[in-house]
1. For residue 51, are the conditions met, namely being free of Cβ contacts under 8 Å to residues at least 24 places away in the same chain and either part of a helix (DSSP H, G or I) or under 25 Å from residue 299 (Cβ atoms) (or both)?
2. Restricting to the stretch 20-40, name every residue that is assigned to a helix (DSSP H, G or I), over 14 Å from residue 248 (Cα atoms) and touching a helix residue (DSSP H, G or I) at 6+ places or on another chain (Cβ under 9 Å).
3. Among the helices (runs of 4 or more DSSP H) confined wholly to the stretch 183-285, which include 3 or more residues that are surrounded by fewer than 19 Cβ atoms within 10 Å (Cβ to Cβ)?
4. If residue 101 passes every condition in (1) part of a helix (DSSP H, G or I); (2) touching a helix residue (DSSP H, G or I) at 6+ places or on another chain (Cβ under 7 Å) but one, which one does it miss?
5. Only residues that are at pLDDT below 85 and under 24 Å from residue 90 (Cα atoms): list them for the stretch 188-203, please.
6. Look at residue 74 and say whether it is assigned to a helix (DSSP H, G or I), buried (at least 17 other Cβ atoms within 10 Å of the Cβ), in contact with a helix residue (DSSP H, G or I) (Cβ under 8 Å, 6 or more places away or on another chain) and at pLDDT 90 or above.
């Protein structure tokens, strides 16, 4: 591990996060603005991908990876995390709907979610990397967990909202009195009886819990692509930084991606199998994983669009 590299990337992450906060400062995010910024974050990730090709020995001088291997692993990990983040957006939409979060507060809630996810995943990556280095069998534990997660995703959708949200909401309501209405961006307020929390704190607590659940899926998944901690971290950071803008692009279309869930189920099972085969003669190359990932998501999106058009034609008759 090259400490200087992590320090510079940490600074870059803070600057990018500040930029993301600045571009949503007024709380009014149009689809056009969100689409432009989503494209910007993707292009930024591609610039970093190119920089790995050119300067990988500078980033990690002691790594056994070649520049080509490092860049390919980053791109595969980034696309994997980006795909999983789209599924996360469904849960965010459920949370916003359930708690009737005002439109102007949603960028702030998503910001807290992204910050929480960045911190949590950095900790989990550090722990995961140490575990894999010390105990190789943890790799197989991750693999079976991913396959099980894929199997669960392949089953008919249940009331996921209640399962995810009930515990943190109950805890906040048990510990604090909660105001009936939102108080702008305030998390805490006071009345004659003392301290109260606003519904915004309840939503932030629920988002924090979903961050934990999302990390349990995504961190093992990306360790199947690469065990290089720096690449795991950077792929997660670039995928998460565009999450807020992506939400506002897809907010009105989330229910139309009907084949996203089975596509993600297939990807999770495939990644789990890839993890099981690491170090064997049948190990799946990262380039193959990249092609499988791209093909699966492309087919899912196209099939979803075709089904939506078919449903519209049937409704028009």
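The values are calculated or read from the model by the stated rules, or taken from the named source; none is laboratory data. Just so you know, these numbers come straight off a predicted model, no measurement behind them. Methodologically, a virtual Cβ is constructed for each residue, glycine included, from the backbone with ideal geometry; neighbour enumeration extends over all protein chains shown.
1. yes
2. Those that are assigned to a helix (DSSP H, G or I), over 14 Å from residue 248 (Cα atoms) and touching a helix residue (DSSP H, G or I) at 6+ places or on another chain (Cβ under 9 Å): 21, 40.
3. 199-225, 260-277
4. So the condition that residue 101 fails would be (1).
5. none
6. yes
Residue by residue, here is whether (1) exposed (fewer than 15 other Cβ atoms within 10 Å of the Cβ); (2) at pLDDT 90 or above holds:
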{"site": "1", "(1), (2)": "yes, no"}
{"site": "20", "(1), (2)": "no, no"}
{"site": "34", "(1), (2)": "no, no"}
{"site": "50", "(1), (2)": "yes, yes"}
{"site": "65", "(1), (2)": "no, no"}
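Table: residues versus (1) over 14 Å from residue 228 (Cα atoms); (2) surrounded by 15 or more Cβ atoms within 10 Å (Cβ to Cβ); (3) under 14 Å from the mean Cα position of the chain (by Cα); (4) touching a residue at least 24 places away in the same chain (Cβ under 8 Å).
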{"residue": "70", "(1), (2), (3), (4)": "no, yes, no, yes"}
{"residue": "78", "(1), (2), (3), (4)": "no, yes, yes, yes"}
{"residue": "107", "(1), (2), (3), (4)": "yes, yes, no, yes"}
{"residue": "116", "(1), (2), (3), (4)": "yes, yes, yes, yes"}
{"residue": "121", "(1), (2), (3), (4)": "yes, yes, yes, yes"}
{"residue": "127", "(1), (2), (3), (4)": "no, no, no, no"}
{"residue": "134", "(1), (2), (3), (4)": "yes, no, no, no"}
{"residue": "141", "(1), (2), (3), (4)": "yes, no, no, no"}
